[in-house]
Amino acid sequence: KGKTGYFLPYIILGQLGIPCYVIVETDSDHAVRARDRNKSEQKIQAESLNLAKQNRDNLALIGEHPVDWPTSTVASKHAIIEDTLETFLSSWIEWGQAREDAVQQGMGDEKTASTYRYATREAGGKPPTFFAEILSAVKNL
């Protein structure tokens with residue numbers, strides 16, 4: 001679960017020679033969201049330190065140079081999203097509308113796999129270029 005739970009399957013599959021792709025979120029704008037929720041600065045600082053450590057650890061696991069707040073990038077076996085998947089997808093208006101439709105239809109809350117699956121399948125318009133680059137990398141595994 002969370003930002004580290006996907007690495008065990010990633011490592012096992014890699015050791016078995018099974019191609020897989022991992023997307024790492026860095027939560028770079030977490031402090032803005034925390035302030036919007038009226039969290040204390042002390043709590044925000046503690047979360048920042050924890051997230052920065054998780055980012056360094058996650059980057060080391062995928063063979064990237066460990067830094068606190070990496071920028072978005074697409075590589076052959078992984079992608080790094082500078083903030084969150086939701087932030088990244090916010091530019092795809094049709095996806096957001098399809099996700100909201102799924103929630104209203106009772107398919108789950110805004111962050112469930114079924115909601116995301118439905119939104120991705122049903123969204124019209126053009127996905128963000130970064131998303132197309134990830135799909136291209138996955139196809140080339």
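The values are calculated or read from the model by the stated rules, or taken from the named source; none is laboratory data. Bear in mind that the values here come from a model prediction, so they are computed numbers and not experimental data. Cβ atoms come from the backbone with ideal geometry, glycine included; neighbour counts cover every protein chain shown. Accessible surface areas use protein heavy atoms only, side chains included; no ligands, DNA or RNA. Shrake-Rupley method; radii C 1.70, N 1.55, O 1.52, S 1.80 Å.
The C-beta contact set for the range 17-33 (first residue of a type in the set (F, W, Y), second residue assigned to a loop (DSSP other than H, G, I, E, B), distance under 8 angstrom, 6+ apart or interchain) comprises Y21/K77; Y21/L141. Would you call P19 open to solvent by less than 50 Å² (accessible area, probe 1.4 Å) and not acidic (D, E)? In short, no.
The residues listed here are V67, V74; of these, the one that is of a type in the set (V, I, T) and more than 13 Å from the chain's Cα centre (by Cα) is V67.
Taking each residue of the range 113-141 that is closer than 18 Å to C20 by Cα and assigned to a loop (DSSP other than H, G, I, E, B) and looking for partners that are open to solvent by 60 Å² or more (accessible area, probe 1.4 Å) and not basic (K, R) with beta-carbon atoms closer than 9 Å, six or more apart or interchain, yields N140/S76; L141/P19; L141/S76. Within the range 22-52, restricting attention to residues that are surrounded by fewer than 15 Cβ atoms within 10 Å (Cβ to Cβ) and closer than 16 Å to I81 by Cα, which residue is farthest from the chain's Cα centre (by Cα)? Filtering the range 22-52 for residues that are surrounded by fewer than 15 Cβ atoms within 10 Å (Cβ to Cβ) and closer than 16 Å to I81 by Cα, the one farthest from the chain's Cα centre (by Cα) comes out as D29. Kindly indicate the residue of the range 70-101 that is among the polar types (S, T, N, Q) and surrounded by 13 or more Cβ atoms within 10 Å (Cβ to Cβ) and also nearest to D27 (Cα to Cα) among those meeting that condition. So the residue we want is T84.
Look through the range 102-112, keep the residues that are out of contact with any Asp or Glu (no Cβ under 7 Å at 6 or more places or on another chain) and assigned to a helix (DSSP H, G or I), and return whichever of them is least open to solvent (accessible area, probe 1.4 Å).
Checking each candidate, the answer is A102.
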